[in-house]
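The values are calculated or read from the model by the stated rules, or taken from the named source; none is laboratory data. Computed from a prediction, not measured in an experiment: that's the story for all the values here. In this analysis, Cβ positions are derived from the backbone assuming ideal geometry, glycine residues included, and neighbour counts consider all displayed protein chains. In case anyone asks, the SASA skips ligands and DNA or RNA and just uses the protein heavy atoms, side chains included. Shrake-Rupley method; radii C 1.70, N 1.55, O 1.52, S 1.80 Å.
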Amino acid sequence: MGKRVSESDVTSEIIVLPGDTNMFGDLYGGRLVEWMDNIGSITAFKHSRKKVVTGSIDNLFFLSPIKLGYIVHLHSFVTYTTKSTMEIEIDVSSENVTTSKSNVTTRAFFTYVALDENGHATEIPEIIPENDIERKRFVDGEKRLELRLQALKSVKADLK
Ligand SMILES: CC(C)(COP(=O)(O)OP(=O)(O)OC[C@H]1O[C@@H](n2cnc3c(N)ncnc32)[C@H](O)[C@@H]1OP(=O)(O)O)[C@@H](O)C(=O)NCCC(=O)NCCS
């Protein structure tokens, strides 16, 4: 049985504190990736209701810095599924609290693999795209999957 995108769509906001920044007052990239992985895993749990692990992160670009005291907005949703994996898009923007001006800062695709109690990949519900935007994301997700599998194969061969 399939599941709709809206059933695991998650948004969250977090304010950048001094412990999250470097000496220039900008948010650490690694901290942002941690927050993205956190919200992405919530989407993956809600979609699969299984144990999940992060398998890969694609197309992660930091487009503009996020400053101390800014609000970070995160949005996470399933774009594509295979038998046991979920491709999840995570969009990030930042908001200046005093001016309310908002900037798109990052977008990436996290792939989570669902595992059974023995740690083996296990089946998940397929995603059901319901509108033109979701259908386009699904088609694009299929293309990204092909590239990801090629990259995974080549990394495994290189590291042998
Ligand atoms: C991801 C992991 C479970 C895959 O194990 P595996 O034995 O290679 O799994 P399989 O070959 O049975 O592949 C299962 C599915 O995952 C996909 N897959 C495997 N490794 C993947 C990866 N690194 N990234 C994305 N997809 C992956 C396969 O294409 C397959 O897809 P399917 O649904 O079409 O069948 C394993 O490599 C692992 O545990 N990695 C570490 C995960 C981790 O620690 N993450 C960080 C902390 S959460």
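Per-residue accessible area (protein heavy atoms, 1.4 Å probe) orders LYS143, LYS3 as LYS143, LYS3, starting from the largest. Across the cross-link table entries LYS46/LYS156; LYS3/LYS46; LYS67/LYS101; LYS3/LYS83, which are compared at the Cα atoms, the separations over 18 Å belong to LYS46/LYS156. Ordering 59-65, 30-36 by mean Cβ neighbour count within 10 Å, with the highest value first, yields 30-36, 59-65. By the Cα gyration tensor, segment 24-87 has an equivalent ellipsoid whose semi-axes, rounded to whole angstrom, run 26, 12, 10 from largest to smallest.
Relative to the longest principal axis of the Cα atoms of the chain, helix 132-158 runs at roughly 80 degrees.
Taken as Cα centroids, segment 111-160 and segment 1-34 sit 22 Å apart, rounded to the nearest whole angstrom. A straight Cα-to-Cα reach below 15 Å connects LYS136 with the aspartates and glutamates GLU87, GLU89, residues fewer than 8 places away in its own chain not being considered. Packing order of peptides 50-58, 148-156, highest average first: 50-58, 148-156 (average count of other Cβ atoms within 10 Å over each peptide's residues). Looking at segment 3-158, the accessible area is 57 square angstrom per residue; that uses a 1.4 Å probe and ignores ligands, DNA and RNA. Extension gain for LEU68-LYS153 works out to 26.6 nm (0.36 nm per residue, less the C-alpha to C-alpha distance). Here segment 68-148 is assigned +1 on the Cβ of each Lys and Arg and -1 on the Cβ of each Asp and Glu. Its dipole about the Cα centre then comes out at about 400 debye. Taking the protein heavy atoms of the chain in the context of the full set of protein chains, the accessible area attributed to carbon and sulfur is 56 percent at 1.4 Å. Protection proxy ranking of 67-80, 10-23, 109-122, by the mean of other Cβ atoms within 10 Å over each peptide's residues and highest first, is 67-80, 109-122, 10-23. D by Stokes-Einstein for segment 3-158, Kirkwood Rh over Cα pairs, 10 °C, 1.306 mPa s: 97 µm²/s.
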